[in-house]
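The values are calculated or read from the model by the stated rules, or taken from the named source; none is laboratory data. The model shown is predicted, which means the values in this text are computed figures rather than measured ones. Don't worry about glycine lacking a Cβ; one is built from the backbone with ideal geometry, like all the others, and counts go over all protein chains shown.
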Amino acid sequence: MITVFGSLNADLVCQVRQLPGPGETVTGSGYTVVPGGKGANQALAAARAGAPVRMVGAVGQDAFAEVALQSLHRGGVELSEVAETTGRTGCAFIAVDGAGENLIVVASGANLEARAELLQPIGLRRGDLLLLQMEVPHAENWKAVDLAEAAGTAVMLNLAPVGPVPPEVLRRIDYLIVNETEGRQLAAQLGLVETALDQIAARLAADYVKHCIVTLGGQGVAAFGPAGCHRLPALPVEVVDTTAAGDAFVGGFAAALDAGEALEDALALGVIAGGLACRTLGAQPSLPTRDEIAEALGRYRA
């Protein structure tokens, strides 16, 4: 079982010719409103990849709450511990250019009211996986780590968007997932002397977390841990929108680990999920199913 403690949003997505710079206005022909939030995206990605998943977080009492929850409900994600607050549901404003690159502004809203105490009634268990991101209050994440440690539950932290993590918390993380920017910023926060990304990730795996996984976009993924370094290339796809690629990787990787896959096989399934998510506009609409991932696995291995 995967328990996701994290954010739930409604995403307003607009396609533009080029992303705006400071003080610049650009126009698009229209926009779509789709469910999002890193927590919700990763929960749905894991569920579509075949894992049993429950979502823990908070939404408001507005129309966007239904938007934020609709795909999770259809995807079979357990939602009984999603709290309803008096604030507004979180909302993200996303511009996507012709190359699939994006610019994102997030209004946290009800996500700031997500509390780790919501995890207590569900009973985390040994053998489960707790999946965290950084779009809810950081202090609540660290309380969730405490609960997971007491229950013997493994913890996966996607350090996105990047923020400070106490060293004593890092040392209780089983899987830390960062991109290049996040990895370098974490190294600076910790005062690490290493400057090369591989050296940073290896140091993090040696002195802090059990496994450090670095997502490298079109260059694939690199994982550092007790068994050394594993590198896998990206899945070649025609890119439409990269918004959910990272979340799809995390969800697919988590689902594979939950199913008992070995680390390198789980990384491959995560890479495939992340690549397939780039083919479609929007976050949750782009997340691939277990069958799509399995079908692409043969092409990827070839």
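Over 25 Å from residue 170 (Cα atoms), surrounded by fewer than 19 Cβ atoms within 10 Å (Cβ to Cβ) and among the β-branched types (Val, Ile, Thr) - does that describe any residue in segment 78-86? Scanning segment 78-86, I find at least one residue that is over 25 Å from residue 170 (Cα atoms), surrounded by fewer than 19 Cβ atoms within 10 Å (Cβ to Cβ) and among the β-branched types (Val, Ile, Thr), so the answer is yes.
Under the condition of being modelled with pLDDT of 95 or more, under 19 Å from the mean Cα position of the chain (by Cα) and not small (Gly, Ala, Ser), the residues counted in segment 200-231 number 9. Residues in segment 105-123 include at least one that is closer than 14 Å to residue 2 by Cα, touching a helix residue (DSSP H, G or I) at 6+ places or on another chain (Cβ under 8 Å) and not hydroxyl-bearing (Ser, Thr, Tyr).
Filtering segment 181-206 to residues that are crowded, with 16+ Cβ neighbours inside 10 Å and of a type in the set (D, E, K, R) leaves 182, 184, 203.
Of the candidates 281, 297, the single residue that is of a type in the set (A, V, I, L, M, F, W, C), part of a loop (DSSP other than H, G, I, E, B) and over 15 Å from the mean Cα position of the chain (by Cα) is 281. For residue 188, the criteria (1) touching a residue at least 12 places away in the same chain (Cβ under 8 Å); (2) over 20 Å from the mean Cα position of the chain (by Cα) hold in every case but one, which is (1).
Condition check ((1) out of contact with any strand residue (DSSP E or B) (no Cβ under 8 Å at 6 or more places or on another chain); (2) closer than 16 Å to residue 132 by Cα) across all residues:
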position	(1), (2)
2	no, yes
7	no, yes
13	no, no
36	no, yes
50	yes, no
53	no, yes
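When each of 69, 19 is tested for being of a type outside the set (Asp, Glu) and surrounded by 18 or more Cβ atoms within 10 Å (Cβ to Cβ), the lone residue that passes is 69. Pairing each residue of segment 152-179 that is at negative phi with any residue that is basic (Lys, Arg), provided the two are 6+ apart or on different chains, yields C-beta distances under 8 Å for 153/125; 153/126; 155/172; 158/38; 160/38; 173/210; 174/210; 175/210.
Only one of the listed residues (155, 165) is among the aliphatic types (A, V, I, L, M), part of a loop (DSSP other than H, G, I, E, B) and more than 16 Å from residue 215 (Cβ to Cβ). That residue is 165. Could you tell me whether residue 45 is touching a strand residue (DSSP E or B) at 6+ places or on another chain (Cβ under 8 Å), among the aliphatic types (A, V, I, L, M) and at pLDDT 95 or above? Answer is no for this residue. If we keep just the residues of segment 221-233 that are of a type in the set (Gly, Ala, Ser) and touching a strand residue (DSSP E or B) at 6+ places or on another chain (Cβ under 8 Å), which is surrounded by the most Cβ atoms within 10 Å (Cβ to Cβ)? My answer is 223. In segment 48-125, counting only strands (runs of 3 or more DSSP E) that sit wholly within it, the ones holding 3 or more residues that are free of Cβ contacts under 8 Å to residues at least 40 places away in the same chain span 78-84.
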